[in-house]
1. Mind listing the label-point distances from residue B:118 to the same position on all other copies, shortest first, one decimal in nm, points 7 Å along Cα→Cβ?
2. Taking every pair of alpha-carbon atoms in the stretch A:19-77, give the share separated by more than 20 Å as a whole percent.
3. Relative to the other copies, what are the label-point distances for residue B:36, with labels 7 Å from Cα along the C-beta vector, expressed in nm at one decimal and sorted shortest first?
4. Only counting other Cβ atoms within 10 Å, I'd like B:6, A:43 sorted with the fewest neighbours first.
5. Can you sort B:163, B:29 so the residue with the fewest Cβ neighbours within 10 Å comes first?
6. From the helices alone, meaning DSSP H stretches of at least four residues, give me the mean residue ellipticity at 222 nm for chain A, per-run term -39500 (n - 2.57), in deg cm²/dmol to the nearest 500.
7. Just to be sure I understand the model, the point goes 7 Å from the Cα along the line to the Cβ. What's the resulting residue A:62 to residue B:187 distance in nm?
8. Using the count of nearby Cβ atoms within 10 Å as a rough guide to exposure, how do A:164, B:192 rank from fewest to most?
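Derivation of every value follows stated rules applied to the coordinates shown; laboratory data play no part. The structure displayed is predicted, hence computed values, not measured ones. So basically every Cβ, Gly included, is an ideal-geometry build from the backbone, and we count neighbours across all protein chains shown.
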């Protein structure tokens, strides 16, 4: 398998975590989003949205959209599961994941922030937008966590909720959000970081990682 | 069951379609988004994001996030299925749905458009933003459709892809997008509109529908 990824892309980061949890390896193909690699004709043929991640299977099959890729990984490699066996619990795990993957990340991604710059907003205003979107999303996520002593968001094992949470907290920090207010989310993040699948998926450990500016 | 909905909310519209396809009925509880019903303390206790839809089950269980609700409906009421039995086909159906539900709809919803107004953009600029987001999303969706004679996006039966497509085309028209360029998507929409579940879920058929301005 080949994973088209960008070190800082939080959607790619989710898939990197899921691959790690499943014990799967994929060749890492960097797509430098800031330089525009994703707009090449070759890449657009794989992913008409010009976004990362894209997963290319060994037979040439192409999968796009991080949560669809992760659902496919979970259905074809069921151990360990990334969703609870209980439909109601799955609904809660998915709802939490979708708060991040639908209502948070896409409203603060590079594409949207560039569109705001084109509308004349300076870097400070754009960063404030991104920070506000992150605060809204993480506030909802904190409210959606069950009140119990489980180490992960929805139980004793990480689920799709944790897979979405950890990269989004990374984004929030990049945009200057004081994440200390999300104390329960940070507890879940700490539990995740103890797992190699999460630690190895971090942006700074990717082959295309750059030095901090 | 009770469905908290707003007639024009395309995420609510998706759940209305899914309930119809499953032959399920839910009491319709309107939340008037433009008047701010979704910010009431009572509603925020159900849905901390202050968004629609929310599905309240008869035992008081609360489900949020349209795609998580629809996945729950599909897992607990499997007939007719809203995803193909084949994992690869499911991945394609979900990827298509997520282009809309992650990368399109949330970037042009009421909340984002209001944030743009607060940044000083006039109605024309805000509508142009929403139209552009819709064009990008629908362009990707058109490219993701398989080339065959199936009536629906991914086969002989409607899937989660069709459930997301039809409301998004409704949004695109509202923002003045010339949708004629998406001829293959429009063919799928026409097939959907022949089904009562799709026709009955349309905004103008909801109890809180308003006269066109």
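1. Its label point is 2.4 nm from the equivalent points in the other copies.
2. Considering the stretch A:19-77, 26 percent of its Cα-Cα pairs are separated by more than 20 Å.
3. Reported distances to equivalent positions: 4.4 nm.
4. A:43, B:6
5. B:29, B:163
6. Taken over chain A, the calculation gives -15500 deg cm²/dmol.
7. Modelled inter-label distance: 2.1 nm.
8. With the fewest neighbours first, A:164, B:192 line up as B:192, A:164.
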